[in-house]
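Some notes on the structure that comes next.
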Amino acid sequence: FLGILPSNKVCPQYFLDTNFLFLSGLIMASAIEEWNLHRRIALRVLMLVGVQPARLILGMMLTTSFLSMWLSNTASTAMMLPIANAILKSLFGEKDTSKDMNRENEENQASLQQNKLYTVPTEMQFLASTEDKDLTEEKEVASDAVSDLKKEEEYKTNIWKGFLISIPYAASIGGTATLTGTAPNLILLGQLKSYFPECDVVNFGSWFMFAFPLMLIFLLLGWLWISILYGGINLRGWRTKKSNIRVDAEARAREVIKEDYQKLGPTKFAEQAIFFLFCMFAIMLFSRDPKFIPGWASLFAPGFISDAVTGIAIVIVLFFFPSQKPSFKWWFDLKAPNTETQPLLTWRKAQETVPWNIILLLGGGFAMAKGCEESGLSVWIGGRLHPLEGVPPPVAVILITIVIALFTEFASNTATIIIFLPVLAELAIRLKVNPLYLMIPGTIGCSYAFMLPVSTPPNSIAFSSGHLMVKDMARTGLLMNLMGVLLLSLAMNTWAKSIFQLGTFPAWANIHAENATSLLTAVENVTLSAL
């Protein structure tokens, strides 16, 4: 209606090959969830890492981050939180029981005093008051026991918070490791194809080589920070002996994890088949065009095989591969019943579980970006960024990541990256640096939203458990944000330079710069003629 883009240019934005790459990841995730493979993987990892709180937090973070590389961050968090709650209840019992008892005692005392009534000493209290002063040592022992209980209660509360807060953080960090892990990564890929059609540097394999080491380093530092802050690692008491309560609690937790794993039963044929196809899905995406060596796509006509083609080709197998082990006798037995075999995934199940609204949201982002490009808005904004042209590129990376990380605390990750990517592309051309040098930190910075419950759906899910306060997230998330910004800056100035050739101003950006200059001239001419 505004005369910016005709519908024949808007509609294709909703079905770019980037959307189909995302769709293939979502369908694979549906099959994994359908046969409980993700739960088996999670429980197996927790059995391997052990049940000490710091180790369990590490196990939770590793599992959640691995799952969020392939499932959505929200689904990974929603799946892991019930497992965490079951383990915590086995470690500590119900969290609020002792607090409720203390609160009830305080209320009783207050009501008695308010009604001018005083509690009558019990027989034991009366007898105790008449005892000699020789019992002072016993009183000290009793007071020590009370203080120990208070310390145990405080320890329990902190560990509970550490568990719950580590899961959404790990989901947000893990989602950055793959292109299909989170929506902003795919929006970057789509907008690169729109703004710089000649750019072929970013694909599934090259992104993984850059983002996976960054994810591992950040995950390890985040685990250390959460464990130290919430008492999972006690820096002062490495050699202190564990209390019997904690030893018993850890034994119960070990049993809960083992029991949950045993409930899954033996590994089914369907789980094995999905695991094999999942590995094929990942390996074929990594090896299609890894850049440092020729990929398998070089065996075919250039330009026809993309990441989306690879993902969809593997996912289609799910719809006809049998979920029961096929019998070869059936072919030779004429009397065998002609029963229909259930596939690993039905289309009805895929329809129910795939979040189609996210695919439409991605399409809306691509359409908005195309509108910004065609109307000249992104070029116009880029022309207003003269003050930033004197900033050294490494400083610009840190500033951009800080601004976007703060912005995304209050706005959705998808909306933030849709707004900022066109601006970053134009700013990079003004600074004469590789556009990826600014666009990649902006994209990953969108996922570093740790400080508020409203920042991301995983944060909201963890906060809704009722055991976390806003100040807990703000205190923990502030240092997480700072670590994220610094690690991202380190990555962009070290191994990312060789992976994405960030040291030079590429030819594909030059072509866009020339087109942008002519478009800016046209926009200025239209403005002057209107005046």
Considering only the range 285-302, state which residues are open to solvent by 60 Å² or more (accessible area, probe 1.4 Å) and of a type in the set (S, T, N, Q). SER298
Which count do you get for residues in the range 371-403 that are modelled with pLDDT of 80 or more, under 15 Å from LEU438 (Cα atoms) and in a helix (DSSP H, G or I)? 11
Based on this model, can you work out whether GLU389 counts as open to solvent by 30 Å² or more (accessible area, probe 1.4 Å), touching a Lys or Arg at 6+ places or on another chain (Cβ under 8 Å) and closer than 25 Å to LEU2 by Cβ? no
With ALA282, ALA270 as the choices, which residue is touching a Phe, Trp or Tyr at 6+ places or on another chain (Cβ under 9 Å), at pLDDT 90 or above and either open to solvent by 60 Å² or more (accessible area, probe 1.4 Å) or closer than 30 Å to ILE32 by Cα (or both)? ALA270
Looking at the range 404-414, which of the residues that are assigned to a helix (DSSP H, G or I) and of a type outside the set (Val, Ile, Thr) is nearest to ALA491 (Cα to Cα)? ALA405
Within the range 334-378, the residues that are open to solvent by less than 10 Å² (accessible area, probe 1.4 Å) and either in contact with a Cys (Cβ under 8 Å, 6 or more places away or on another chain) or under 29 Å from PHE196 (Cβ atoms) (or both) are LEU362, GLY363, GLY365, PHE366, ALA369, GLY376, SER378
Check ASN459, ASN510 and return the single one that is under 17 Å from the mean Cα position of the chain (by Cα) and either on the phi > 0 side of the Ramachandran plot or polar (S, T, N, Q) (or both). ASN459
Sort out which residues of the range 1-39 are closer than 11 Å to TRP70 by Cα and of a type in the set (Gly, Ala, Ser), and write them in order of number. SER24, GLY25, ALA29, SER30
If you check ILE381 against the conditions, is it surrounded by 20 or more Cβ atoms within 10 Å (Cβ to Cβ) and not acidic (Asp, Glu)? no
Which of the residues that make up the range 220-232 are farther than 16 Å from SER489 by Cα, at pLDDT 70 or above and either open to solvent by less than 70 Å² (accessible area, probe 1.4 Å) or among the hydroxyl-bearing types (Ser, Thr, Tyr) (or both)? GLY222, TRP223, LEU224, TRP225, ILE226, SER227, LEU229, TYR230, GLY231
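Somewhere in the range 459-466, is a residue modelled with pLDDT under 90 and closer than 22 Å to LEU220 by Cα?
Among the residues of the range 459-466, at least one is modelled with pLDDT under 90 and closer than 22 Å to LEU220 by Cα, which makes the answer yes.
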Counting only helices (runs of 4 or more DSSP H) wholly inside the range 7-100, the ones holding at least 3 residues that are free of Cβ contacts under 8 Å to residues at least 24 places away in the same chain and of a type in the set (A, V, I, L, M, F, W, C) are 37-49
Go through the range 307-328 residue by residue and tally those that are at pLDDT below 85 and in contact with a helix residue (DSSP H, G or I) (Cβ under 6 Å, 6 or more places away or on another chain). 1
With the condition kept exactly as written, say whether any residue in the range 100-118 is surrounded by fewer than 17 Cβ atoms within 10 Å (Cβ to Cβ), modelled with pLDDT of 75 or more and of a type in the set (D, E, K, R). no
Looking at ALA425, ALA415, ALA449, which is the one that is over 21 Å from the mean Cα position of the chain (by Cα) and of a type in the set (Gly, Ala, Ser)? ALA425
The residue that is nearest to GLN191 (Cα to Cα), considering only those in the range 40-70 that are surrounded by 20 or more Cβ atoms within 10 Å (Cβ to Cβ) and not hydrophobic (A, V, I, L, M, F, W, C), is SER68
Restricting the search to the range 467-484, which residues are open to solvent by 10 Å² or more (accessible area, probe 1.4 Å) and part of a helix (DSSP H, G or I)? VAL470, LYS471, ALA474, ARG475, LEU478, LEU479, ASN481, LEU482, MET483
Considering only residues of the range 152-188 that are open to solvent by 10 Å² or more (accessible area, probe 1.4 Å) and touching a Ser or Thr at 6+ places or on another chain (Cβ under 8 Å), which is nearest to MET284 (Cα to Cα)? THR182
Would you be able to tell me the number of residues in the range 403-451 that are open to solvent by 10 Å² or more (accessible area, probe 1.4 Å), within 15 Å of ASN185 (Cα to Cα) and among the β-branched types (Val, Ile, Thr)? 3
Filter pass, LEU490 being under 16 Å from ALA170 (Cα atoms) and open to solvent by 20 Å² or more (accessible area, probe 1.4 Å): no
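The values are calculated or read from the model by the stated rules, or taken from the named source; none is laboratory data. Treat the numbers as computed from the prediction; the structure is a model and nothing was measured. So basically every Cβ, Gly included, is an ideal-geometry build from the backbone, and we count neighbours across all protein chains shown. Remember, those area values only see protein heavy atoms, side chains included, never the ligands or the DNA or RNA. Shrake-Rupley method; radii C 1.70, N 1.55, O 1.52, S 1.80 Å.
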